[in-house]
């Protein structure tokens, strides 16, 4: 299994999403070392991305694509994706109207180019409060990915690993 940079993973996911925006699920959490971990799941594969934030606007990361994980996202009513809104829907959502949120999420997700210039929402992104139930093999992969991220940060930004005096 080949680890790739976070940017490479994100570009591949964006390309695949634009070709087929249906049946995506996104899960966000942190691992035991507090590294943000994002799992992108689609019928064509599952991508795991770990990131280290250098500042609020810049991160480095690494990830891997695996075969689709079975049963990870069962019984989730809405597919992740981009959906356009009317100004009225946007106002109602900002006012907390859950019915409008559900109505918008029940629409089919759109590729990026169909959303340009429109009011757009992205989601849903699942953020469980409990740890993700990884299999033993997935836990092993998660540990390898965490080590790869730490190695990448040490190589690209060694100053972050040295103590301040």
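The values are calculated or read from the model by the stated rules, or taken from the named source; none is laboratory data. Keep in mind the model is a prediction, meaning the values are calculated, not measured. With ideal geometry, Cβ positions are generated from the backbone for all residues, glycine too; neighbour counts draw on all protein chains shown.
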### Task
Assess whether residue 109 counts as being more than 28 Å from residue 55 (Cα to Cα) and either at pLDDT 85 or above or surrounded by 10 or more Cβ atoms within 10 Å (Cβ to Cβ) (or both).
yes
### Summary
When every residue in the range 73-116 that is touching a residue at least 60 places away in the same chain (Cβ under 8 Å) and assigned to a strand (DSSP E or B) is compared, the one nearest to residue 13 (Cα to Cα) is 81
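Conditions tested, residue by residue: (1) assigned by TED's automatic domain parsing to the domain that holds residue 103; (2) exposed (fewer than 10 other Cβ atoms within 10 Å of the Cβ); (3) free of Cβ contacts under 8 Å to residues at least 60 places away in the same chain; (4) under 27 Å from residue 106 (Cα atoms).
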site: 118; (1), (2), (3), (4): yes, no, yes, yes
site: 128; (1), (2), (3), (4): no, no, no, yes
site: 136; (1), (2), (3), (4): no, yes, yes, no
site: 139; (1), (2), (3), (4): no, no, yes, no
site: 143; (1), (2), (3), (4): no, no, yes, no
site: 149; (1), (2), (3), (4): no, no, no, no
site: 152; (1), (2), (3), (4): no, no, no, no
site: 157; (1), (2), (3), (4): no, no, no, no
site: 164; (1), (2), (3), (4): no, yes, yes, no
### Query
Does any residue of the range 73-83 turn out to be buried (at least 18 other Cβ atoms within 10 Å of the Cβ) and at pLDDT below 90?
yes
